[in-house]
Structures are given as structure tokens and as C-alpha cells.
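Peer 1: First the structure, then my questions, so here it is.
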């Protein structure tokens, strides 16, 4: 259920880092850097909202009741 | 015969011994060193207590032995409480042990060192077995007491630090009776779940005895066998337990374990906003550079040349137009002058002006008679004055 979302958060963050490095190097065309920049900004917004809205989930695993082995 | 009178059968004497011993040693404490300790699969313990000159065999039934918070190890000095029992079929006597505790804290430390050495020799601590702890966990399994302060701390820190994750707790006792077994069970249960990224086992601070469950061999092996990376966070910074050595990562405290296991949301926020700010600047910078470059080019001589040409040509055009215009005007003027000249000349022949000056025009039959001799007095003559024409001689 949250699998996909979290996956994409992590991937987006990685992609954001990639873009940051590429832009940093600056060996790409203007057009390319603008395109990358726009992708970056969208990713940044996406990650930001996920982080902002995230809420901790806590679940408890019930142990199967010992059926009398250890009386 | 007399002898038969006081001859005991084996059973009789054994029975007498049994009654005497069992009645007189109902509840006794014994201190001694454990040796050839054996935990039977049935759960019952068999071992010998010895000192320099003697030894006595002991049994501890499962029902009571799981109350012992540690697993006895050969060489450990312990104090046991129990009663003497006689086992007629083999003519042996033993202690039926009801409770056991280490003879002193030193015993525990000694046992700790011993087990540590044993497991280390077996390679359980080797870094090569240490699994890397993922940087972006989605689910973190926790084996600790659900009502413990440690778990509350872990929850609050996780909520503040990286609420994207889900904490999955497999509750277990962390000290006292069968704590070690419950910890092992929790680890196994968490390993059964499919999507747990990291397991944290641990508890809050306590004495060596309180933390002892994490020094038990079965816990060490469960940690070692776990497919999922385990962070061991037992007690405070100064407390080191066997599970710390076997685990893939040791955290000084349960709260620190959460911090080790999760990225910090604030750092991520910082990274994201830095990205947005920095690269907005950088991109607009790049764009401006490009604009300047374009401007440079367009203002370059080569680029201006066509414009200049156009300019100069237009100038030429204007000039020639101008010249043409002038020429044309001049011609126009000259022609106009000539025209006016002619016009005035014609005008000068223009009779009306002469008439105006008082001259009269003689005409006959509409034709001007310029000379006296041309006039035919017999015909009517028309005299044209400036202000009109009259006819005379019209009879």
C-alpha cells in the first residue's frame, strides 16, 4: 500500500541529486539544462509535499498464542 | 539368626537414607561452580555443582528454570536454592534446584566474557557478516517492550525525524523470565514479514542483570541468523551487550538507533529548498549569460555589417532621391519659369491688356484688321473695346 509511494519518494530524491550534479557540472546545453531544471523543480515539489504530509504509522505484530507448549 | 534381624535390604536402607536426607534438607542454599551443564531438549537442566573437594549433581526442572534470567555456563559460580532428593534406582542423591542466581556480579561479567570469546572465535562478530543498513527504510521492525519508555522515545523521534516510515513492533519482554526467548521470537517473527527493511532490538538502561537477556547466546544467534539488518540498542552509551557485537550496527541507545536508521527530514527539506533556490539562481544566471552572448553577437561588427549596408544604401537611396528630387525640382522650376515666360509673352500678346490700356481692336468678319489699308470700309467693322464690342458701319 505505501510501497509504491515510498519507492517513488526515494527515486525522486535520487533523481534530484543526479540533476543537481549534472547542472552543477554545467557541460550540457542551455535547452537541456532548462529541461532538467524544470524536472528538478517538479521533483522538489513532489518530495516536499510527501515529506510535509507524511505521518508516522505504527503497527503491532501479534505473536501466535503459545498453544500450551510452555505451560 | 541374629544377623537377619538387623540386615537391611537395599531398598530398606535406601529408603531410610531417602527419608532422612529429604526431611532434613528441605530448603537449603548451596554455592558452587557449575560444570557439565546440560539443557535437555525437554527443557530440564542437568548439571553438577562443585568446589575444590566435592561435587554434587543437580537437576532444575523446566517449570522453574526459565525463571533464571541467565543461562548457566560451565565455570560459573552460582548460588542455588533447593532440596536434597534421593533417586533409589541408582542409589544417588541430588539437589532438586528451585532457583539460581550468580554468586556475584563478577560471575555475570565472567560469563559475558566467556560467551563473547566463544562467539567471537566462531566468527559471529566478523565485520564480513555485517549487512549494510539501508539509508531509506520504509518499514522498521522493533523488538522491545511495547510499554517501555524506550519504545515511546523511538516513536516520538521517528515521528519528528522521518514520519514517512512505518514502525512495526513485535513486543517482547526485555528482562527477567524467558526474556531472551521472547526477543528471539520477535526477531524471527519480524523476519517472517516480507517488507521490513531494518530491525531494531533493544531496551532502556538497566543493571547488567537487567540487560542480561541481550547477552544470551540464543539472542546472539538469532541476531546473527536474521536476514534483515539488525541494529542493537541496549541500555545507555556505556552498556555493551553481546547482541551489540553480533548486530549489523550498534546504537548507544534506542533513540539513537532511530536516528541511525532514518534520514533526517530537516536535512531533506534543506536539500530540497537548496536545490530550488540554488538552481533557480543558476539557471537564470545561465539564461542571462546566453542573452548577453546573443547581444554580443548581434552587436558584433560582422553582424552589424548587413545593417550598416542597409543603412548606407538607404542613405544612398535617400541622397539620390534627394538629388533627383532637386534635379526634378530645378527642372520643374526652369520649365515653370519658361512657361511663365512664355505665358507672359503670350500674355503680352493678350489683347485684353492692350485694350485695357485704351486701345481698340478693329475686326472685320471676326478677323483682326491690323493695317489701315486692309480695312474695307464698305463692310461692317467691329470695334472691340476692353469693355466690349460694337459694330459700326453696319447699314
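The numbers here are math on the coordinates, done by the rules we state, and not lab data. As the structure is a computational prediction, the values presented were derived from the model and not from experiment. Note that each Cβ is placed from the backbone with ideal geometry, even for glycine, and that neighbours are counted across all protein chains shown.
Peer 1: Can you pull the percent of Cα pairs in the stretch B:10-103 with separation above 20 Å?
Peer 2: 35 percent
Peer 1: What relative contact order, as a whole-number percentage, does the stretch B:60-178 give when Cα pairs under 8 Å and 6 or more residues apart are counted? Each step should come with its number before you reach the end.
Peer 2: Numbers: 120 pairs, mean separation 30.6, N = 119.
Result for the stretch B:60-178 is 26 percent.
Peer 1: Using only the alpha-carbon atoms, how far is helix B:265-298 inclined from the longest principal axis of chain B? Give it as 0 to 90 degrees, nearest 10.
Peer 2: The angle comes out near 30 degrees.
Peer 1: Stick to the Cα atoms of the stretch B:278-345, pair each with every other, and give me the Kirkwood hydrodynamic radius in Å at one decimal.
Peer 2: After inverting the mean inverse Cα-Cα distance, the result is 16.7 Å.
Peer 1: With N set to the number of residues, divide the alpha-carbon radius of gyration of the protein assembly as shown by 2.2 N^0.38 Å and report two decimals.
Peer 2: Details: Rg = 59.4 Å, N = 466, 2.2 N^0.38 = 22.7 Å.
That ratio works out to 2.61.
Peer 1: Also: Under the definition of partner shielding as Cβ atoms of other protein chains within 10 Å of a residue Cβ, what is the mean value for peptide A:18-26?
Peer 2: 2
Peer 1: Turning to a different aspect of this structure: I'd like the distance separating the alpha-carbon centroids of the stretch B:274-343 and the stretch B:125-142, in whole Å.
Peer 2: 73 Å
Peer 1: Shifting gears a bit: GNM, chain B, Cα, under 10 Å: largest mean-square fluctuation among B:143, B:159, B:261?
Peer 2: Looking only at B:143, B:159, B:261, the biggest GNM fluctuation is shown by B:159.
Peer 1: Among B:53-59, B:25-31, how do they line up by average Cβ neighbours within 10 Å per residue, starting with the highest?
Peer 2: Those peptides, ordered most packed to least, come out B:53-59, B:25-31.
Peer 1: Ok, one more. Quick one: length gained pulling residue B:331 to residue B:280 fully straight, 0.36 nm per residue minus the C-alpha distance?
Peer 2: 11.5 nm
Peer 1: Right, another one. Taking 7 Å along the Cα-to-C-beta vector as the label spot, tell me the residue B:62-residue B:7 distance in nanometres, rounded to one decimal.
Peer 2: 4.6 nm
Peer 1: Per residue and in Å³, how big is the convex hull formed by the alpha-carbon atoms of the stretch B:228-357?
Peer 2: 272 Å³
Peer 1: Additional query: Just to check, using Stokes-Einstein with a Kirkwood Rh over alpha carbon pairs, what's the diffusion coefficient of the stretch B:136-264 at 4 °C and 1.567 mPa s in µm²/s?
Peer 2: D = 93 µm²/s.
Peer 1: Still on this structure: The stretch B:281-395: percent of C-alpha pairs farther apart than 25 Å?
Peer 2: Of all Cα-Cα distances in the stretch B:281-395, 65 percent exceed 25 Å.
Peer 1: Can you tell me the Rg and Dmax of the stretch B:351-392, counting just the alpha carbons, in angstroms?
Peer 2: 10.1, 29
Peer 1: Just order B:313-325, B:180-192 by mean Cβ neighbour count inside 10 Å, highest at the front, would you?
Peer 2: Highest mean packing first, the order is B:180-192, B:313-325.
Peer 1: What does the structure give for B:164-170 when I average, per residue, the other chain Cβ atoms found within 10 Å of the residue Cβ? Don't skip to the answer; put the middle values down first.
Peer 2: Values: counts 12, 6, 7, 5, 5, 4, 4.
If you average over the peptide's residues, the count of other-chain Cβ atoms is 6.
Peer 1: What nm distance separates the two modelled labels at residue B:365 and residue B:394, each placed 7 Å from Cα along Cα→Cβ?
Peer 2: Label at residue B:365, label at residue B:394, 1.8 nm between them.
Peer 1: Please compute, for peptide A:48-60, the average count of beta-carbon atoms on other protein chains lying within 10 Å of each residue's beta-carbon. Kindly include the intermediate steps, with their values, before the conclusion.
Peer 2: Numbers: counts 5, 0, 2, 8, 3, 2, 6, 3, 13, 8, 12, 6, 7.
Across the residues of A:48-60, the mean count of other-chain Cβ atoms within 10 Å is 6.
Peer 1: Also, I was wondering about something else. Which order do peptides A:49-57, B:328-336, B:32-40 fall in by mean Cβ count within 10 Å, highest first? All intermediate terms of the calculation are to be shown ahead of the outcome.
Peer 2: Details: A:49-57: 13.4, B:328-336: 10.8, B:32-40: 15.1.
Going from most to least packed, we get B:32-40, A:49-57, B:328-336.
Peer 1: Show me, bin by bin at 10 Å from 0, the whole-percent P(r) of the stretch A:9-70 based on Cα pairs.
Peer 2: 18, 32, 17, 11, 10, 8, 4, 1
Peer 1: How much FRET efficiency would the formula 1/(1 + (r/R0)^6) give for residue B:130 and residue B:208, where r is the Cβ-Cβ distance and R0 is 25 Å, rounded to 0.05?
Peer 2: Rounded to the nearest 0.05, the efficiency is 0.50.
Peer 1: Sum -39500 (n - 2.57) across every DSSP H segment of at least 4 residues in chain B, then divide by the residue count to get the 222 nm mean residue ellipticity, nearest 500.
Peer 2: -14500 deg cm²/dmol
Peer 1: Here's another thing I want to ask about it. Let me test this: with uniform point scatterers at the alpha carbons of chain B, what is the Debye-based log₁₀ I(q)/I(0) at q = 0.09 1/Å?
Peer 2: -0.78
Peer 1: I would also like to ask the following. Along the Cα→Cβ direction, 7 angstrom out, place labels at residue B:387 and residue B:323. What is the inter-label distance in nm?
Peer 2: 6.0 nm
Peer 1: Then there's this: Mind checking which of B:357, B:98, B:265 has the largest fluctuation in a GNM of chain B, springs on alpha carbons under 10 Å?
Peer 2: Of B:357, B:98, B:265, the Gaussian network model singles out B:357 as fluctuating most.
Peer 1: Could you work out the relative contact order of the stretch B:351-392? I mean the mean sequence separation of Cα pairs under 8 Å and 6+ apart, divided by the number of residues, in percent.
Peer 2: This gives 42 percent for the stretch B:351-392.
Peer 1: Report the calculated FRET efficiency for residue A:62 and residue B:152 (r = Cβ-Cβ distance, R0 = 25 Å), to the nearest 0.05.
Peer 2: With R0 = 25 Å, the Cβ-Cβ based efficiency is 0.80.
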